[in-house]
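In what follows, a structure is listed as structure tokens, so that the remarks can point back to it.
The values are calculated or read from the model by the stated rules, or taken from the named source; none is laboratory data. What you are looking at is a predicted structure, and each value in this text was computed from that prediction instead of being measured. As a convention, Cβ positions derive from the backbone with ideal geometry for all residues, glycine included, and neighbour counts pool all protein chains shown.
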């Protein structure tokens, strides 16, 4: 273990434990046992595992994309209804928010290349929100969540205060409309409010200590907008705010579109809103992330009204979508529960591959996307169950990934997190191994 990184992450965990109270008994650090969906991901007979006792390769053809060891996998008891996941990373490692079996909101901190730190309870079950987001700014983490009726932000550090941003966020309980992003110079929270019957979007700058800076900035939405999900990404020269809504121009029943608004560094609109999804979406939830020079968008589709598919779209920094939309997987394969993270010059996409012709067993797979939106490699990470819920993927600049998902194991729900070292995939995606 790199001593400086370990000490930094340990300090973070001790601060969190002092502020919020540590947990025990929620983590299973072994990966034995079958999930009811096929072979265990660390089974040496699995085609994606190496022949060593503890080391495992994630392969695409004859190329080793990623490796992981047994201790890089953790299983966490998960709540049956609150299945949201949120992940952030800085130079020390990864932090994962998830709901425990009793509904409590917990944080798991994982040093890069090492085992996870003690679990820390952030919000007790009685007060836990349905949705919570985590982001990082250099060596700090902050959380955005519904604290009762108020959208609140708090730095995850000993003695930090909670700051209420809004008491009138729109959306349904557990699916309120807010988004959160961090960068070296601070955090930004985006949210939608009801203002005299009209939905308005606002973006609030937050400093690295977790305190709001000035007033929230209003972002004008087109008349009659009906946002159902909100995302925010930091791009060159500013930000990209995106939201999904029913598509009024589509002839397909239940069609949804994703609309983007480019903002400058002062959060002022840089042009008119533009439709980003060139194909109809099937679900309101979507994922957005950015890297130098572009943003990436993925959304759930239903091709022919029957085949679940995950679509990927490159978005320019001016908020326009010039290139075509691509399928992460082609017919007859079926995919859902996609998540997206910037990786190299492109993106990593984690998704749940459902049973289909040529893919009999459901699995969590990772697709690596170049900067044009093409899938350059796709590999199986672990067998899983068709049911479960969301996935999450986050990366470091030097090619480490944390992939998390929820699955059903023995009738219970489990959050599984796997930390991967992916130098092969990073090079293939235009990145550099440090």
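Give me the residue from region 386-423 that is over 17 Å from the mean Cα position of the chain (by Cα) and under 16 Å from residue 365 (Cα atoms) and, out of that set, modelled with the lowest pLDDT.
Here the answer is 387.
Looking for something surrounded by 18 or more Cβ atoms within 10 Å (Cβ to Cβ), farther than 16 Å from residue 399 by Cα and modelled with pLDDT of 90 or more - is there at least one such residue anywhere in region 46-59?
Yes, region 46-59 contains a residue that is surrounded by 18 or more Cβ atoms within 10 Å (Cβ to Cβ), farther than 16 Å from residue 399 by Cα and modelled with pLDDT of 90 or more.
Could you please find all residues in region 170-179 being assigned to a strand (DSSP E or B) and at pLDDT 95 or above? Walk me through it before giving the result.
As a first pass, look at region 170-179 and keep what is assigned to a strand (DSSP E or B): 171-172, 175-176, 178-179.
Within region 170-179, 178, 179 qualify.
Hey, among 367, 363, 382, 417, which residue is more than 21 Å from residue 333 (Cα to Cα) and buried (at least 21 other Cβ atoms within 10 Å of the Cβ)?
Being more than 21 Å from residue 333 (Cα to Cα) and buried (at least 21 other Cβ atoms within 10 Å of the Cβ) holds for just one of 367, 363, 382, 417, which is 417.
Taking the stated definitions as given, is residue 214 surrounded by fewer than 19 Cβ atoms within 10 Å (Cβ to Cβ), at pLDDT 95 or above, in contact with a strand residue (DSSP E or B) (Cβ under 9 Å, 6 or more places away or on another chain) and farther than 23 Å from residue 297 by Cβ?
Considered against the rule, which asks whether it is surrounded by fewer than 19 Cβ atoms within 10 Å (Cβ to Cβ), at pLDDT 95 or above, in contact with a strand residue (DSSP E or B) (Cβ under 9 Å, 6 or more places away or on another chain) and farther than 23 Å from residue 297 by Cβ, residue 214 comes out as yes.
Hey, could you check region 180-210 for residues that are surrounded by fewer than 17 Cβ atoms within 10 Å (Cβ to Cβ) and in a loop (DSSP other than H, G, I, E, B) and say which is modelled with the highest pLDDT?
207
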